[in-house]
1. How far apart, in nanometres, would the label points at A:Thr182 and B:Ser37 be if each is projected 7 angstrom from Cα along the Cα-to-Cβ direction?
2. Compute the FRET efficiency between A:Asn173 and B:Thr84 as 1/(1 + (r/R0)^6), taking r as their Cβ-Cβ distance and R0 = 41 Å, and round to the nearest 0.05.
3. Rounded to the nearest 0.05, what FRET efficiency is calculated for A:Glu119 and B:Asn98 with R0 set to 56 Å and r the Cβ-Cβ distance?
4. Looking at segment A:208-224, which residues lose a minimum of 10 Å² of accessible area between their chain alone and all protein chains in place, measuring with a 1.4 Å probe and not counting ligands or nucleic acids?
5. Answer rounded, prolate or oblate for segment A:280-336, using the Cα gyration tensor with square roots of eigenvalues a ≥ b ≥ c: rounded when a/c is under 1.5, else prolate when a/b is larger than b/c, else oblate.
6. Once phi is turned into θ = phi - 60°, what whole-Hz ³J(HN,Hα) does the Karplus curve with 6.51, -1.76 and 1.60 give for every residue of segment A:280-285, x standing for Gly and Pro?
7. Can you give me the long-range amide H partners of A:Phe247? Hydrogens built in the peptide plane at 1.01 Å from N, cutoff under 5 Å, separation of 5 or more residues or another chain.
8. Can you compute 3J(HN,Hα) from phi for each residue in segment A:245-262, using the Karplus curve 6.51 cos²θ - 1.76 cosθ + 1.60 with θ = phi - 60°, rounded to whole Hz and x for Gly and Pro?
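The values are calculated or read from the model by the stated rules, or taken from the named source; none is laboratory data. Just so it is clear, the model here is predicted, and its values are computed rather than measured. Cβ: placed from backbone, ideal geometry, glycine included. Neighbour counts: every protein chain shown. Each accessible area value is taken on the protein alone, full model and side chains, heavy atoms only, with ligands, DNA and RNA left out. Shrake-Rupley method; radii C 1.70, N 1.55, O 1.52, S 1.80 Å.
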Amino acid sequence: MRHCKLKQSNKRPQRTRMMRFAVTVFLCGLLLVRCSPSSEINAGNSEPAVRQFFSMDTLMRIEVYGKEAEAAADAAQALIEKYDSLWSALDENSDISKLNQSAGGPPIHVSDETFSLVEEALYQAAYTDGAFDPTVGYLLELWGFRHEISRVPNKDEINIALGGVDWTSVRMNDEDNTIQLTFSETKLDLGGIAKGYATDRLTELLAQYDIDRALINLGGNIGVIGQKVDGSPFKVAITDPSNPDRFIGVVFAKDITVITSGGYERFLEFDGVRYTHIMDPNSGYPVETNLASVSIVATAGGKGDALSTALMVMGLDHSIEFWERHPDFGVVLCTATGEIHCSSNLKGVFVPESDVEVTYFGAT
Amino acid sequence: MAQRKVSLFGRFRQFGLRSSANPSNDERLTVLSICISDVVLITILLFVALGIVPVLNRLSAYSQRQTSDAQVVVIVSGEVIFRTPLDPSAGSKEFFVNADGHPMTICVGPEGAYVVSSDCRDQFCVHSRPISIPGQSVVCLPNRMILEIVENTGDGSEEISSAVDESSEIDAVAGRVGGYDAP
């Protein structure tokens, strides 16, 4: 260590030089770390291409980062608008409307996109033992979730509509892309899966462009690609269903979808009673389980979307049982009494607010 | 030839003293080496620099948001049909807007912008709380209306703000339509 000692002579200039050296090292360090994110700015990757538009009966918002962000965002918007024209229940020329109009009749030829969506919907219906059922369209119409005027239907009307609720009655033929609704009371409604499914297709589409990261928000169905510019994950909040102005926590998301279903999203009120838009395919009534909201964290949006609806129908206990049999996704369950139950595989991914108490289920 | 180890500081010192020293009297080869105290000092300085960066970033993002010339815009069918500056120092003002034949009343005041009345059936927009930060929005799905805070670009146009930046507490909200709504 002797060689580190300063000479006793000429002490003052030495100190000054040492200070200069120290400041130089400090500034160099500062410059180095400041340069790392700005290099991406210079590469043109930091400014996103943002598209916001109404489609599929909700608001879409897509933020894309990368060299081909503008072209990718345009292609993403075009794809969503194409899906809207194919799947809208309100457009009588859409594939879904044509299918519903021909219920009880012969098979109908549909586009590849529609065939693939219905195929996915039936797969998820089977996966959830029918808790998610895409054939509840007639019920939704009956309750007025498709029209301006809503009313509480009587029991006879509900029984007639229930006659058409059976996902196993949908016939698909992949040789000629035809679908047949065998019962005349059957009407498809793909609102419980279409946006999640579209999120997956958008992710595939954006992968064809030179995209670094993207935030896809299809009416509250969130899909994230990559991570933020600073390398941290995207922060996706989950709303408190008892007070939608606040959050129960945040999901730290990277290459994943976060999808929430809840009675607070869309509902109707008659005589002071609130009816959610999520239909119970068994009773024909809007769901009245002990769950206020279900948030699914999954790699596939179509699956997450269908599961969020299915678990709302199942209720707390059956949802936990279902997850224990299929623990390949994460779930946050909020009960009507304000309890929050979270699957153990979301520890460290879902971070609750400091004043929120969470009960974890499943083996860690 | 004899070798002499000199620390980084020593090397600097040597450069500085060369003019006053007599090089011809010192034939030994000087080898630059770094002693432990140098490493410790450099490490400390780098850590301090690293620690300061997020603070600087946050300060810069916060000041950008606070000093930006924010505008309140109402977008219907993709077109901006109403725009007014968001001035927290000004009093509350109510504005009537026609959202494709649907009458709506917007209030812009110190607490932000919000929907006072709407003829939509679900009234979600009316129950939404005021917004004041670029990127926040209130959406009326039945009337296809977006009330949004945007940055004023200075050329008369508006830019839809990104919900994502390094200082964002929240980038998106699952189950909520529209822009993020920071707590």
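1. Between A:Thr182 and B:Ser37, the simple spin-label model gives 8.9 nm.
2. Details: r = 57 Å, r/R0 = 1.39.
The pair A:Asn173/B:Thr84 has a calculated efficiency of 0.10.
3. On the way: r = 44 Å, r/R0 = 0.78.
The value I calculate is 0.80.
4. Buried-area filter returns A:Leu215, A:Asn217, A:Gly219, A:Gly220, A:Ile222.
5. Values: a/c = 1.78, a/b = 1.51, b/c = 1.18.
Note, shape of segment A:280-336 comes out prolate.
6. With the stated coefficients, segment A:280-285 comes to 8, x, 8, 8, x, 9 Hz.
7. A:Asp240
8. Whole-Hz 3J(HN,Hα) from phi for segment A:245-262: 7, 10, 10, 8, x, 10, 9, 8, 10, 8, 6, 7, 10, 10, 10, 10, 10, x.
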